[in-house]
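The values are calculated or read from the model by the stated rules, or taken from the named source; none is laboratory data. Computed from a predicted model, the values in this text were never measured in an experiment. Positions of Cβ are generated from backbone atoms using ideal geometry, with glycine treated the same way; all protein chains shown enter the neighbour counts. For the accessible areas, the whole protein counts, side chains as well, though only heavy atoms, and no ligand, DNA or RNA atoms are used. Shrake-Rupley method; radii C 1.70, N 1.55, O 1.52, S 1.80 Å.
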Amino acid sequence: MDNYQSPHLLLYIHPLASFCHKALIALYENGTEFESKIVDLMQEESSAELLSYWPVGKIPLLRDRKREKTIPETSIIIEYINEFYPGKTNLISKDFSLALEIRLWDRFFDLYISEPMQKIVIDRLRPEGQNDPIGVEQAFVRLRTAYDMVEGQLNSRNFIAGESFSMADCSAIPALFYADTILSFRTTHPKITNYFESLLERPSVKRTIAEAEPYFPMYPFFDKIPKRFLKEKN
C-alpha cells in the first residue's frame with residue numbers, strides 16, 4: 001500500500017521564469033519540503049488551477065494545503081516560509097535593522113534589475129512594428145545605474161546584505177543571471193562578477209539552473225547564455 005502523502009506546500013512555477021528561480025533557491029536553501037507544478041500561462045487547461053487561486057495569473061504562487069492559504073509574490077512567499085516553515089537557513093534576519101537592509105536589496109534586484117531586464121526581453125518578443133525603442137533604452141539606462149549601485153554596495157562584502165546568505169541574494173541570482181545575457185557586467189563591474197560567481201557555486205543555485213536548462217532554448221537571448229550552463233546534445 002502506498003502511504004505517500006503530498007507535501008503541504010505546492011508551488012506553481014515555470015522553470016524558465018526568473019522570479020520562480022528566486023523562490024526555488026530560497027526553498028532549496030531552507031531545505032523545505034514542497035511539490036512544484038509547472039504552469040503554462042498561455043494554455044487555459046494548464047493555468048486554470050493557478051487562476052482559481054490567484055486570478056492575477058502571476059507565478060510563482062504558493063499554496064499551503066495544510067493552512068489553506070494562497071501566497072503570491074516571491075518576497076512574500078519567502079517571508080511566509082521563513083515564518084511558518086523555518087528550516088536550516090534563516091533568510092531574513094531577526095535583527096530589525098539588518099532585516100530592513102535585506103528587504104531593501106531584495107526589492108532593489110526585483111525592481112531595478114529584473115524588471116528592466118524583462119522589459120528588454122519582452123520587447124524582443126513583440127511583433128515587428130510594435131517595439132518600444134524608447135522604453136528599451138530607458139531599461140538599459142536603469143540597468144547600468146543599478147549595476148553601479150550594486151558594485152558600491154558590495155564593497156568588501158561576500159553577500160549583498162549582512163554577512164550571510166539571505167532573501168536579498170535569492171533575488172540577486174536570477175536577476176543577474178538573465179541581465180548578464182543582455183548587458184554583461186563582467187568586464188565593467190568586478191565586484192558584481194566575483195559576487196555572482198560565488199553564488200553560482202551554491203547547491204541551491206546549481207539545482208535551479210539545471211532544472212531550467214531544458215527550457216533555455218525558449219529564451220530570446222538563448223545565444224547569450226554561457227555554454228557552461230548548457231548540456232551538450234548528442
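Numbers below:
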{"quantity": "Matching residues, the range 16-52, being part of a loop (DSSP other than H, G, I, E, B), touching a helix residue (DSSP H, G or I) at 6+ places or on another chain (Cβ under 7 Å) and open to solvent by 10 Å² or more (accessible area, probe 1.4 Å)", "calculated": "Leu16, Thr32, Phe34, Asp40, Leu41"}
{"quantity": "Answer residue from the range 202-233, given it is assigned to a helix (DSSP H, G or I) and open to solvent by 100 Å² or more (accessible area, probe 1.4 Å) and is nearest to Asp180 (Cα to Cα) among those", "calculated": "Lys224"}
{"quantity": "Which listed residue, of Ile160, Ile122, is out of contact with any Cys (no Cβ under 9 Å at 6 or more places or on another chain) and surrounded by 18 or more Cβ atoms within 10 Å (Cβ to Cβ)", "calculated": "Ile160"}
{"quantity": "Some residue of the range 156-169 being of a type outside the set (Asp, Glu), assigned to a helix (DSSP H, G or I), under 30 Å from Phe222 (Cα atoms) and at pLDDT 95 or above", "calculated": "yes"}
{"quantity": "Any pair with Cβ under 8 angstrom, 6 or more apart, that starts in the range 61-78 at a residue that is in contact (Cβ under 8 Å) with a residue 40 or more places away in the chain and more than 11 Å from Ala23 (Cα to Cα) and ends at one that is open to solvent by 90 Å² or more (accessible area, probe 1.4 Å) and among the basic types (Lys, Arg)", "calculated": "Arg63/Lys69"}
{"quantity": "Residue count, the range 19-36 (criterion: in contact with a Leu (Cβ under 6 Å, 6 or more places away or on another chain) and among the charged types (D, E, K, R))", "calculated": "1"}
{"quantity": "Positions within the range 181-201 being charged (D, E, K, R), over 18 Å from Ser18 (Cα atoms) and open to solvent by less than 80 Å² (accessible area, probe 1.4 Å), in sequence order", "calculated": "Arg186"}
{"quantity": "Boolean, Ser75 is on the phi < 0 side of the Ramachandran plot, surrounded by 17 or more Cβ atoms within 10 Å (Cβ to Cβ) and not hydrophobic (A, V, I, L, M, F, W, C)", "calculated": "yes"}
{"quantity": "Residues satisfying the stated conditions in the range 125-157, i.e. surrounded by 15 or more Cβ atoms within 10 Å (Cβ to Cβ), among the hydrophobic types (A, V, I, L, M, F, W, C) and closer than 14 Å to His189 by Cβ", "calculated": "Leu143, Ala146, Val150, Leu154"}
